[in-house]
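*Asks:* This is the structure I have questions about; it appears just below.
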Amino acid sequence: MAVTKIRKISSWTLLLSAVISIAVFVVFAVGGDDELYKNELWNPHYTGLLLNWIYILFGITIAALVVFALMQFATQFKHDTKGALLGLGVLVLFAVMLIVTHSLGSSDLLPIINADSGKHNVPFWLKITDMWIFSIYILTALTIAAVLWSSVKRIFNK
């Protein structure tokens, strides 16, 4: 019963978000562009709509992640305290990784290409960008190491 209900809810949620995403993308792609930039570069009218929809999806994803992680921690803490604390430890290590990669980020200003890019050429955004880039490198390396480790472990366990 519960699995069927969860499957229905997740299927309808996926379908609804996919339909809205496709509609927003179609409006973005065929909605025309700003006449000021004709023959220079493509500046669609509905860029803001697309970005706002992406922000909404990102916010819902983060909220669901936090809510479900807390629910899983509370449920698992009752039955398997060690496993729950291990999961919490992973989140703490992730936060530490973000802090370390943020501190490694450079705050040196970039040469400004145009006036519009100058508003984002500040130490805060430069360090945030470096933090995400370094974090992606670390997480990619950890993923590759985990795949290799599991393959090697499976070979030696046979």
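*Asks:* Residues that are farther than 28 Å from Tyr137 by Cβ, modelled with pLDDT under 90 and part of a helix (DSSP H, G or I): does the range 56-63 have at least one?
*Replies:* As a first pass, look at the range 56-63 and keep what is farther than 28 Å from Tyr137 by Cβ: 56.
Of the ones still in play, those that are also modelled with pLDDT under 90 are none.
Within the range 56-63, not a single residue is farther than 28 Å from Tyr137 by Cβ, modelled with pLDDT under 90 and part of a helix (DSSP H, G or I).
Conditions (1) at pLDDT 85 or above; (2) in contact with a Ser or Thr (Cβ under 8 Å, 6 or more places away or on another chain), marked per residue:
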| position | (1), (2) |
| --- | --- |
| Lys8 | yes, no |
| Leu14 | yes, no |
| Ala18 | yes, no |
| Val27 | yes, no |
| Lys38 | no, no |
| Tyr46 | yes, no |
| Leu50 | yes, no |
| Trp53 | yes, yes |
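*Asks:* Condition first: surrounded by 10 or more Cβ atoms within 10 Å (Cβ to Cβ) and charged (D, E, K, R). Can you find one or more residues in the range 100-108 that meet it?
*Replies:* Within the range 100-108, not a single residue is surrounded by 10 or more Cβ atoms within 10 Å (Cβ to Cβ) and charged (D, E, K, R).
*Asks:* If a residue must be in a helix (DSSP H, G or I) and either in contact (Cβ under 8 Å) with a residue 12 or more places away in the chain or within 19 Å of the chain's Cα centre (by Cα) (or both), how many such residues does the range 5-47 contain?
*Replies:* 12
*Asks:* Taking the residues in the range 95-109 that are among the hydrophobic types (A, V, I, L, M, F, W, C) and in contact with a Ser or Thr (Cβ under 9 Å, 6 or more places away or on another chain) as candidates, determine which candidate is farthest from Ile133 (Cα to Cα). I'd like the intermediate steps shown before the answer.
*Replies:* Residues of the range 95-109 among the hydrophobic types (A, V, I, L, M, F, W, C): 95-100, 104, 109.
Pick out the ones that are also in contact with a Ser or Thr (Cβ under 9 Å, 6 or more places away or on another chain) and you get 97-98.
Numbers: Met97: 12, Leu98: 11 Å.
This residue is Met97.
*Asks:* Taking Ser103, is it outside the structural domain of Ser10 (by TED's automatic domain parsing) and either outside any helix (DSSP H, G or I) or touching a Lys or Arg at 6+ places or on another chain (Cβ under 9 Å) (or both)?
*Replies:* yes
*Asks:* Quick one: count up the residues across the range 61-91 that are farther than 20 Å from Thr13 by Cβ and not basic (Lys, Arg).
*Replies:* 17
*Asks:* Restricting attention to the range 113-140, which residues are surrounded by fewer than 11 Cβ atoms within 10 Å (Cβ to Cβ) and more than 22 Å from the chain's Cα centre (by Cα)?
*Replies:* Ile113, Asn114, Ala115, Asp116, Lys119
Quick grid of which residues meet (1) within 30 Å of Thr140 (Cβ to Cβ); (2) among the small types (Gly, Ala, Ser); (3) part of a helix (DSSP H, G or I):
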{"position": "Val3", "(1), (2), (3)": "no, no, yes"}
{"position": "Ala69", "(1), (2), (3)": "yes, yes, yes"}
{"position": "Lys82", "(1), (2), (3)": "yes, no, yes"}
{"position": "Leu85", "(1), (2), (3)": "yes, no, yes"}
{"position": "Val96", "(1), (2), (3)": "yes, no, yes"}
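The values are calculated or read from the model by the stated rules, or taken from the named source; none is laboratory data. Because the structure is a prediction, the values reported are computed rather than measured. Cβ sites come from the backbone with ideal geometry, for glycine too, and all protein chains shown count toward neighbours.
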